[in-house]
Amino acid sequence: MINWIPGTYCSELLTVSLFRPGMGEFKVHRVRFFNYIPSGIRCVAYNNQSNRLAVSRTDGTVEIYNLSANYFQEKFFPGHESRSTEALCWAEGQRLFSAGLNGEIIEYDLQALNIKYAVDAFGGPIWSMTASPSGSQLLVGCEDGSVKLFQITPEKIEFERNFDRQKSRILSLSWHPSGTHIAAGSIDYISVFDVKSGSAIHKMMVDRQYMGVSKRKCIVWGVAFLSDGTVISVDSAGKVQFWDSATGTLAKSHLIANADVQSIAVAEQEDSFVVGTAEGTVFHFQLVPVASSSTEKQWVRTKPFQHHTHDVRTVAHSPTALISGGTDTHLVIRPLMEKVEVKNYDAALRKITFPHRRLISCSKKRQLLLFQFAHHLELWRLGSTVATGKNGDTLPLSKNAEHLLHLKTKGPENIICSCISPCGSWIACSTASRFFLYRLTYQHDNLSLKRVSKMPAFLRSAVQILFSEDSAKLFVASNQGSLHVGQLLEGRFRHLHTFQPQSGTVEAMCLLAVSPDGDWLAASGTSAGVHVYSVKHLKVFEYSIPGKQYTEWSRTVQKQGFHHLWLQRDTPITHISFHPKRPMHILLHDAYMFCIIDKSLPLPNDKTLLYNPLPPKSESDVVRRRTAHAFKISKIYKPLLFMDLLDEGTLVAVERPLDDIIAQLPPPIKKKKFGT
Amino acid sequence: MVQLRPRPSRTPASAEAMVDEGQPASEEEEAEHGLLLGQPSSGAAAEPLEDEEADEESDDEAPEELTFASAQAEAREEERRVRESARRDKVLLKEKRRRREELFVEQKKRKLLPDAVLQQLAAAPQTSQNKSYVALRLKDQELRDSRQQAARAFIHESLYGPGTNRTSVNKFLSLDNKRLPVKKAAAQFLNSAWGTQKKQNAKRYKRRWMIRKMKTPKK
């Protein structure tokens, strides 16, 4: 569906300022009208064997982060309107399952990056799911109060049996490490089941309020079963309670917050656990000896962390870090100082807010930007100016930025990737089941759009789309690992060639880049290998072009190593572009800085200052030459979602201030401060 | 206003009210009157009317004695009659319902496809993996949707419903500003959504005024 908004003028900031990074003057378009709001995080699941974290969001997207590779988001599954995951868990053999309010259990194929299958549990909406300690069984808690046991077979999952049905919905589940008992948290009570018989042994009633009476029902948001038989429960009254499952009685109760405590995760050694509250606070509980000499231990609340503003709906505990995520869309990874071995930059707090994928593409010829949202695309034309100025000036706009097109996709699926051609005449986007290609024609000030029909079916579920520099060819990387090349001629698409995945493995290509002359295409897969394809001869090469070896420059870099601060950046580089007329310059950026690498200048070693703004003019030329090095970094524009070179003297930087995101989030819990 | 059918019991009452004299017009009317009162003209019930008539003529005499047995018998008769009529009514209603039910079944049967086709459809597999469509039973989907809706409502109510202590994002972010040594304004001080219609009208008027100004030649 197409919504025309011709001639709408944005009221957002679009300033043009002069910038001199030590290698020429640039006019920079600072764009702030990309109204991007990430979805809130709903569940996280940590996998110990592979050190990977699976994160599911409220729009149904599931992302996989590799915690050993600098927390890079290596895989993701696009969202779907009908899928709202309420539970996520790993099972044996690196298999990932999720369950949601549509009543289905979904298994994800981590190699092919698609959904393997969905099985209906026939219990209504599913609220919770947990895998057995052995990893071969799956337990789900449903809306109708039933707890269902499934057996995990190599191909699928099979329903085994139902446990005793309870009166209200089962909101949380936890398996005893030996696999014999299960704790299920519901509304106002917790049940303990015996796995073999499936019957409920105990029903432990939870107080609605800590030592008081309340009208609101007490929802047990999370339970955890320890090996000594203790069940830890967290509920909506703000309590953390310890129960003895053998007798079914309450052992200890802590009131830790005025709002709901919504999540709990226990470490594997069972000596510490973490809980998240609706106020955004994360509490760390540890098992400490009662007195310094005694062997008796007790659970003590040790550290509070306030890294979130909104509800912390999910937490996870890895051997060295506490992971939390919630409605404020940040993923926070807090390494625990006592568990970290080497105290370097790795032990610092990590807050992942911005996507690791590119959501913006740019048409250089017509100065257009294409923004990708979950269900629609927006096309904007940049503003222009005729004024000039010196370094640091903000130039007045003679023509404001225009919102040209609002393109909605049909269907419940999220858009995976999109791209606009450099000439501005083609827009392509892909969802999990369809591929859309549109042809744009410009007549004076009018824009008309036409959809190219009869696109081949194998193009769907593309992970990356790229147009060649002359806009004559289209490259599509599918999630099956193959790379499709097509020709765009006279408003039609013609399939030219498909590069099949290498060495028999099915691996989706994540990143694509094409050379300016259109002869070479580079693609990197999830296992971090780089493949180079020759488009002219339709052959595959390794490493780089054309001498079939790493270039001299990169060899030098490898030998000398990067500056230590460069390696300590915590956001990945999202975009790299090259200057067409200056082959010595490489422009790249991550969320907090952008950098122009000048290959002709010497590389910085660890002793030189990496972040080196323009030295004062008073210094002599000699000094300047000595301190100048190849990496010209600027931190003026942040947080950066996209940065690219439009032409010789113009840059475009799309910024997304955090305050603009926070302003559009759901309401947080009220905080009472003295004196207000 | 509901128009009530003139009921038999009413006319005698109104007639009586209209008559000024105590004496009824004629004996025949009296007899009719008694009958209209809804008492079946059996011997036992006729007695009190005769009594009434007799009363009119001889006020001095004591009323006739009613034995217990006769009164009891009379009451039993009444009951039996009422029961009989109720049973008859019930039977009639049942018949009517049964006939209607049969009629509906007939009509439904006529609407459905022939048995053979139905059996074939039931035997066929529910969905096909290869085809590009999925066949769903609408009844199942509605049930599923309504349950999902109820679940979402539950979550929303327990997190954001009444009784939860929620505030707006603006107030939340402005709390720090209030405690600063130099108090600052709220994070979102201006409400850009205020008066949108007024602003639009003003914009339009301004555009029109400028066009008019351009048209009129400068003096």
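Using the Karplus curve 6.51 cos²θ - 1.76 cosθ + 1.60 with θ = phi - 60°, work out ³J(HN,Hα) for each residue of the stretch A:290-295 in order, rounded to whole Hz, and write x for Gly and Pro. Going residue by residue, I get 5, 10, 4, 9, 7, 8 Hz, with x marking Gly and Pro. Take each peptide in A:406-418, A:270-282, count the other Cβ atoms within 10 Å of every residue, and average; sorted highest first, the result is A:270-282, A:406-418.
In this simple spin-label approximation, A:GLU648 and A:LEU489 carry label points 7 Å from Cα along the Cα→Cβ vector, and these lie 3.5 nm apart.
Each residue, B:ARG80 and B:ALA150, gets one label point 7 Å from its Cα in the Cβ direction; the gap between the two is 5.5 nm. What FRET efficiency do you get for B:ASN177 and A:PHE674 if R0 is 22 Å and r is their Cβ-Cβ distance, rounded to the nearest 0.05? Using R0 = 22 Å, I get an efficiency of 0.90.
For the listed residue pairs A:LYS339/B:LYS171; A:LYS215/A:LYS252; A:LYS215/A:LYS672, the alpha carbons are over 29 angstrom apart in A:LYS339/B:LYS171.
Among the chymotrypsin sites (Phe, Trp or Tyr not before Pro) in the stretch A:85-146, which ones are in a DSSP loop with at most 14 other Cβ atoms within 10 Å of the Cβ? Mind listing them? Intermediate results must be reported in sequence, preceding the final value.
Numbers: sites: A:TRP90, A:PHE97, A:TYR108, A:TYR117, A:PHE122, A:TRP127; in loops: A:PHE122.
Listed in order of number, the matching sites are A:PHE122.
Look at B:SER168, A:SER227 and count the other Cβ atoms within 10 Å of each Cβ; fewest to most, that gives A:SER227, B:SER168.
For a footprinting-style exposure proxy, rank A:GLU104, A:GLU158 by other Cβ within 10 Å, fewest first.
Details: A:GLU104 19, A:GLU158 12.
Sorted ascending by nearby Cβ count, the order is A:GLU158, A:GLU104.
Mean projected area of the Cα convex hull of the stretch A:39-163, taken over all directions, amounts to 7.2 nm².
Ranked by how many other Cβ atoms sit within 10 Å of their own Cβ, fewest first, the residues A:TRP380, B:TRP194, A:TRP520 fall in the order B:TRP194, A:TRP520, A:TRP380. For the stretch A:39-163, the dipole from Cβ point charges (+1 on Lys and Arg, -1 on Asp and Glu) about the Cα centre works out to 280 debye, to the nearest 20.
Which of the trypsin sites (Lys or Arg not before Pro) found in the stretch A:75-175 are in a DSSP loop and have at most 15 neighbouring Cβ atoms, other than their own, within 10 Å? Listed in order of number, the matching sites are A:LYS156, A:ARG165, A:LYS167. Take the Cα of A:THR353, step 7 Å toward its Cβ, do the same at B:ASP140, and the gap between the two points is 4.5 nm.
Between B:VAL117 and A:ASP144, the FRET efficiency from the beta-carbon distance, with R0 = 41 Å, is close to 0.70.
Of the cross-linked pairs A:LYS399/A:LYS473; A:LYS75/A:LYS410; A:LYS410/B:LYS199; A:LYS116/A:LYS410; A:LYS203/A:LYS239; A:LYS364/A:LYS638, which ones have a Cα-Cα span greater than 27 Å in the structure shown? Result: A:LYS399/A:LYS473; A:LYS410/B:LYS199 exceed 27 Å.
Two-decimal Rg/Rh of the stretch A:359-502 from alpha-carbon positions, Kirkwood Rh?
Taking Rg over the Kirkwood Rh, I get 1.03.
Here r is the Cβ-Cβ distance between A:HIS497 and A:LEU658 and R0 is 56 Å; the resulting FRET efficiency, rounded to 0.05, is 0.80. Comparing A:ILE152, A:SER128, A:CYS43 along the charge dipole axis of the stretch A:39-163, the residue lying farthest to the positive side is A:CYS43, per the Cβ-charge model.
Bear in mind these aren't lab numbers, they're just calculated from the coordinates by the rules spelled out. Keep in mind that what you see is a predicted model, and the values were worked out from it rather than measured. Here the Cβ is made from the backbone with ideal geometry for all residues, glycine too, and neighbour counts use every protein chain on show.
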